[in-house]
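As structure tokens, the structure follows; a few thoughts come after it.
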Amino acid sequence: MIRDDLKAAMVAGMKAGEKDKVATIRLIQSEVKNKDIEARTGGEIADDDAHVTAVLQKMVKQRRESAEMFRKGGAEDRAAAEEAEITVIEQFLPAQMGDDEIEAAVAAIIADTGATGMKDMGRVMGEVRARHGAAIEPAKASAAAKKQLAG
């Protein structure tokens, strides 16, 4: 389970004196705990690894956007710090599909669902999540679907 991996990495990081890595893992654990509380109050019960993976994917997306904004603003050191956090977070994500694999998977789903245009985008993305879950980064799958459905 991802939670066990996080705990083990936290202990190893503390023993090795990796302060930045430990700080990022603490952030991850905090976000996961917040999502747990949210799920409890909402009555939502999901597969634990899928639950944690969704939190990790959201964190990676937020940090990529932040790094891009810092670069545009000329704060290269802050962008590098965000990217360092991304590297730590991605260690706990399941293996992600490559760009070619994503293109092929989306093409297969489009063929299976009979999608013909952008109006079918929601149905295609729903099927992508159902079939591939955390193995595909949603932003990349969405871009591939848009490209293929547009023509």
Taking segment 18-50 and keeping residues at pLDDT 90 or above and hydroxyl-bearing (Ser, Thr, Tyr) leaves 24, 30
Residue 59 - would you say it is under 21 Å from residue 135 (Cα atoms) and open to solvent by 90 Å² or more (accessible area, probe 1.4 Å)?
no
Residues of segment 47-77 satisfying the condition of being hydrophobic (A, V, I, L, M, F, W, C) and free of Cβ contacts under 8 Å to residues at least 12 places away in the same chain
69, 75
Of the residues in segment 91-124, those that are open to solvent by 80 Å² or more (accessible area, probe 1.4 Å), charged (D, E, K, R) and touching a residue at least 12 places away in the same chain (Cβ under 8 Å) come to 99, 112
Can you go through 79, 8, 39 and tell me which one is exposed (fewer than 12 other Cβ atoms within 10 Å of the Cβ) and either under 16 Å from residue 133 (Cα atoms) or among the aliphatic types (A, V, I, L, M) (or both)?
8
If I ask for residues that are crowded, with 16+ Cβ neighbours inside 10 Å, over 25 Å from residue 130 (Cα atoms) and touching a residue at least 60 places away in the same chain (Cβ under 8 Å), which ones from segment 11-36 would you list?
21, 24, 25
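The values are calculated or read from the model by the stated rules, or taken from the named source; none is laboratory data. Being a predicted model, the structure only gives us computed values, none of them experimental. Cβ: placed from backbone, ideal geometry, glycine included. Neighbour counts: every protein chain shown. Remember, those area values only see protein heavy atoms, side chains included, never the ligands or the DNA or RNA. Shrake-Rupley method; radii C 1.70, N 1.55, O 1.52, S 1.80 Å.
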